[in-house]
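Everything below concerns the one structure shown next.
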Amino acid sequence: MRKVVLITGASSGVGLALCRRLLEEDHELHLCLACRNMSKAEAVRTALLASHPTAEVSTVQVDVSSLPSVFQASKELKQRFQRFDYVYLNAGIMPNPQLNIKALFCGLFSRKAIHIFSTAEGVLTQSEKITADGLQEVFATNVFGHFILIRELESLLCHSDSPSQLIWTSSRNAVKSNFNLEDIQHSKGQEPYSSSKYAIDLLSVALNRNFNQRGLYSSVACPGTVLTNLTYGIMPPFVWMLIMPIIWLFRFFANAFTLTPYNGTEALVWLFHQKPESLDPLVKYLSATTGFGSNYVTSKKT
């Protein structure tokens, strides 16, 4: 029987690389690509089937920042599927990132240089907008929309005979000091991305406490520092040209610089092969790459 995998944000970046790698691991999977842009999703579907003709690949339109879209997608998925074995909650945004160039270059010559480059802590802020549902856009997209999707698909995820697994794309940028329970949407701060990723870590723990006994398990993973459209938008092209040699050098001293989406999926693919009941719910699994380009998985307490 085919395993069924739902992946949000599957049309580009880490999500697209994950689709390709999962089909390399199991060419008879049924992948369901949950994407906002259906033309991109269909193009990805066609390419995946061309390279893996024995697989099943389907698409569903969903914008996780929009609650009506999430409810509509959930309704459609419940009509089409009986269960999901894996749900990769990967879609996410970092709107209008603002880089503090002075802080970046000061940090470059400090003892925290590698940490700053790995996490962007203290050098990256964002401004965002309010969604049509009245929510902060980053919180709605990265956290709340996915949470509603899970609750709507609960009947397809909770099976005592065989467990299902939720796998969240979190970040090393998930910093506790940027999260406040009294402002979970981070409406008063300037680092909503970091706050949302820390909220994901907390939510995963809560989901395990409430759903493990019903056969649903949740894990968080970090793809590392990956160069995608999201990260390329952080700095002007000339700044990337200046710092890329430094980033490649840092790979010999820190494992967070995975750089490519393929490398960034290492922990996500590793979790695909694990028995979810054997995993520590308080651990974040991290994609890592050596200076010579070898991939492996490490972990740390959330």
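The values are calculated or read from the model by the stated rules, or taken from the named source; none is laboratory data. It should be emphasised that the depicted structure is a prediction, and the values quoted were computed from it without experimental measurement. Note that each Cβ is placed from the backbone with ideal geometry, even for glycine, and that neighbours are counted across all protein chains shown. These accessible areas exclude ligands, DNA and RNA; they are computed on the full protein's heavy atoms, side chains included. Shrake-Rupley method; radii C 1.70, N 1.55, O 1.52, S 1.80 Å.
Quick grid of which residues meet (1) among the polar types (S, T, N, Q); (2) more than 21 Å from G15 (Cα to Cα):
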site	(1), (2)
S219	yes, no
M241	no, yes
A288	no, no
G291	no, yes
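What residue, among those in the stretch 210-241 that are closer than 20 Å to K301 by Cβ and at pLDDT 95 or above, is surrounded by the fewest Cβ atoms within 10 Å (Cβ to Cβ)? By that ranking, first place goes to N212. What pairs can you find where one residue is in the stretch 24-35 and surrounded by fewer than 12 Cβ atoms within 10 Å (Cβ to Cβ), the other is among the aliphatic types (A, V, I, L, M), and their Cβ atoms are less than 7 Å apart, with a gap of 6+ or different chains? These pairs meet every condition: E25/V269. Of all residues in the stretch 69-85, those being in contact with a strand residue (DSSP E or B) (Cβ under 7 Å, 6 or more places away or on another chain), more than 13 Å from E154 (Cβ to Cβ) and open to solvent by less than 20 Å² (accessible area, probe 1.4 Å) number 1. Consider the stretch 48-68 and keep the residues that are out of contact with any Leu (no Cβ under 8 Å at 6 or more places or on another chain) and open to solvent by 60 Å² or more (accessible area, probe 1.4 Å). The one that is nearest to F144 (Cα to Cα) is P68.
In the stretch 269-282, the qualifying residues are those that are surrounded by 15 or more Cβ atoms within 10 Å (Cβ to Cβ) and touching a residue at least 60 places away in the same chain (Cβ under 8 Å), and the one that is farthest from L29 (Cα to Cα) is P281.
Going through the stretch 168-209 one residue at a time, which ones are among the basic types (K, R), open to solvent by 30 Å² or more (accessible area, probe 1.4 Å) and outside any loop (DSSP other than H, G, I, E, B)? Explain how you work it out, then say what you get.
Step one: filter the stretch 168-209 for residues among the basic types (K, R), giving 172, 176, 188, 197, 209.
Now restrict to residues that are open to solvent by 30 Å² or more (accessible area, probe 1.4 Å): 176, 188, 209.
Within the stretch 168-209, K176, R209 meet the criteria.
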